[in-house]
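Report on the following structure.
The values are calculated or read from the model by the stated rules, or taken from the named source; none is laboratory data. Everything numeric here is computed off the predicted structure, so don't read it as measured data. All Cβ positions, even for glycine, are placed from backbone atoms using ideal geometry, and neighbour counts span all protein chains on display. The area values use the complete protein model at the heavy-atom level, side chains included, leaving out ligands, DNA and RNA. Shrake-Rupley method; radii C 1.70, N 1.55, O 1.52, S 1.80 Å.
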Amino acid sequence: MNDDRRWESWSSLWDLSPGVTYLNHGSFGPPPRPVQEARRRWQQQLDRQPMEFFMRQYEPAWFAARRRLAAFIGADERDLVFVENATAAMNVVAASLDLGPDDDVLLTDHEYGAVQRIWQRAVSRTGNAEARIAELPDRIETAGQVVDAIFAAAGPRTRLLVVSHITSPTAITLPVQAIVREARQRGILVCVDGPHAPAQVPVDLAQWGCDFYCASLHKWLSAPFGSGFLYVRPEHQPRIAPPHLSWGRLLPHRPENWSDEFIWSGTRDPSAVLAVPAAIDFLQQVGEETFRQHGYDLATYARHRLAEWTGLTPITPDDRQWFTCMAHAPLPPGDATRLQRELWQRHAIEVPIVSWKDRRWIRVSCHLYNRREDIDRLMGALGQLFDPSSPASGQR
Ligand SMILES: Cc1ncc(COP(=O)(O)O)c(C=O)c1O
């Protein structure tokens, strides 16, 4: 099969609404058909014979799915549990960590808003502790700049650093390995917020040595919505508790370790996590590097088109060190919500326009089903909506 036909056959596996230009896989990544079908098969088994499903199939399937995920992200399976999403994972860490009244938590100014809220609430319950913010430079060229900026904001009270692997408002791949190394030397725990990373970049948890890693798999891996994981280093596992205490394991088994407590948390539909191996199979059939190179080429094209049009420079250089499948670029000042709405209402383009640090930015996700024509359509629509060199552009 030639290249064009191969790309066509992969794209045709997504059931995206016809006529919509979908450039937001980074927020909500829809699953391709083989993954949808895998999930549906689990649901059918559940609906047809619940006793057979729950009593005999569920636990072995959960363990098999976890084993597959562990191999994909370079972790020991005993250090992983499935959760619904990165938010659930982060809440488990925040609820389980015994923050003392003088323990500060440090976050960067590029962290996801809901994650900031989780940690603000956690520290507000402890007494004098604070959630402090490390400001990264306006223009980032080297990993050293990021590491220095983070640790310049750390102090003797810093107990935990919460840092994104790939940031949400700015789509930057942060140098997690170097950050974790420095934190460990200073005795600071690290919780990595990683929902954009699996599939988009290689993840090797055992190598990195972070304390906690929280991720959703319904973003770049295109696993079903409602699938995510929490990784916890062995020494912290005894203090990690599930949000809903239940049997842990299905009777007659009893939970024997921290991860068992997350297997059975009451009756529910677990098909999303059981279909995670199908999402890994799909990505590996395409080829992880083929997928990443496609996303990177397209994201680079989008960045160049946007920079040419606005005359504004992105935060990071053109380099896979800093981004893979998401292009992030500044836009002239203006109303972000209105521009996003108009792109949707007038041009059927779904793309996030982000208001961050009093500036307006665009984040363009490039998955397997996206093509240069999608970026060209976006540029055409932006050009119709406003002229970036005109002083009146801010009204858009
Ligand atoms: C960096 C980051 N962290 C956490 C989340 C929350 O992910 P979820 O809604 O899947 O829990 C997001 C969602 O976009 C994100 O971008």
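Once the gyration tensor of the Cα atoms in region 18-65 is diagonalised, the equivalent ellipsoid follows with semi-axes of 31, 13, 7 Å, ordered largest first.
A helix-only calculation puts the chain at -11500 deg cm²/dmol for mean residue ellipticity at 222 nm, using -39500 (n - 2.57) for each DSSP H run of at least four residues, averaged over all residues. Amide H to amide H, with H built 1.01 Å from N, Ile133 comes under 5 Å of Leu107, counting only residues 5 or more places away or on other chains. Each of Arg48 and Gln120 was given a label point 7 Å from its Cα along the Cα-to-Cβ line. The distance between the two points is 5.0 nm.
Backbone phi angles across region 377-387, fed through the Karplus curve with coefficients 6.51, -1.76 and 1.60 (θ = phi - 60°), yield HN-Hα couplings of 5, 4, 5, x, 5, 4, x, 6, 7, 6, 9 Hz in residue order; Gly and Pro are listed as x. Residues Trp7, Trp322 ordered from highest to lowest accessible area at a 1.4 Å probe: Trp7, Trp322.
The relative contact order of region 170-263 comes to 18 percent, based on Cα pairs under 8 Å that sit 6 or more residues apart. Computed over protein heavy atoms with a 1.4 Å probe, the accessible surface of region 321-395 works out to 42 Å² per residue.
Normalising by the residue count of the chain, find the relative contact order in percent from Cα pairs under 8 Å and 6+ residues apart. With pairs under 8 Å counted, the relative contact order is 21 percent. Average accessible surface for region 225-271: 52 Å² per residue, computed with a 1.4 Å probe over protein heavy atoms with every protein chain in place.
Spin-label model, Asp318 to Gln345: label points 7 Å out along the Cα-to-beta-carbon direction sit 3.6 nm apart. Here region 3-150 has 47 percent of its accessible surface on carbon and sulfur atoms, given a 1.4 Å probe and all protein chains in place.
The largest accessible area among Met51, Met326 belongs to the first residue in Met51, Met326, and the rest follow in falling order (1.4 Å probe, all chains). Take region 98-216 with all the other protein chains still there, run a 1.4 Å probe, and you get 37 Å² of accessible area per residue.
Converting the Cα gyration tensor eigenvalues of region 209-337 into ellipsoid dimensions via √(5λ) gives semi-axes, longest first, of 40, 18, 15 Å.
Inter-part distance, region 163-234 to region 70-84, computed on C-alpha centroids, equals 12 Å. Fully extending the segment from Arg6 to Glu289 would add 100.4 nm, taking 0.36 nm per residue of separation and subtracting the current Cα-Cα distance. Subtracting the Cα-Cα distance of Phe28 and Arg56 from their residue separation scaled by 0.36 nm leaves 6.8 nm.
In this structure, Thr337 and Arg254 have a Cβ-Cβ separation that, at R0 = 41 Å, corresponds to a calculated FRET efficiency of about 0.20. Taking every DSSP beta bridge that has both ends in region 118-230, the antiparallel portion is near 30%. Karplus-derived 3J(HN,Hα) values for region 146-154, using 6.51 cos²θ - 1.76 cosθ + 1.60 with θ = phi - 60°, are 5, 4, 4, 5, 5, 7, 5, 8, 7 Hz; glycine and proline are entered as x. Positive end of the dipole of region 53-179 (Cβ unit charges, origin at the Cα centre): among Ile179, Gly74, Trp119, the Cα lying farthest that way belongs to Gly74.
For the chain, the Cβ-based charge dipole about the Cα centre amounts to some 600 debye (Lys, Arg positive; Asp, Glu negative; other atoms uncharged).
In plain terms, the chain from Arg268 to Leu16 could stretch by 88.0 nm, reckoned as 0.36 nm per residue minus the Cα-Cα distance. Surface composition of region 183-292: carbon and sulfur atoms hold 50% of the protein heavy-atom accessible area at a 1.4 Å probe.
Backbone phi angles across region 368-373, fed through the Karplus curve with coefficients 6.51, -1.76 and 1.60 (θ = phi - 60°), yield HN-Hα couplings of 4, 7, 8, 9, 4, 4 Hz in residue order; Gly and Pro are listed as x. Short-range pairs are left out: with C-alpha atoms under 8 Å and at least six residues apart, the relative contact order of region 76-206 is 24 percent.
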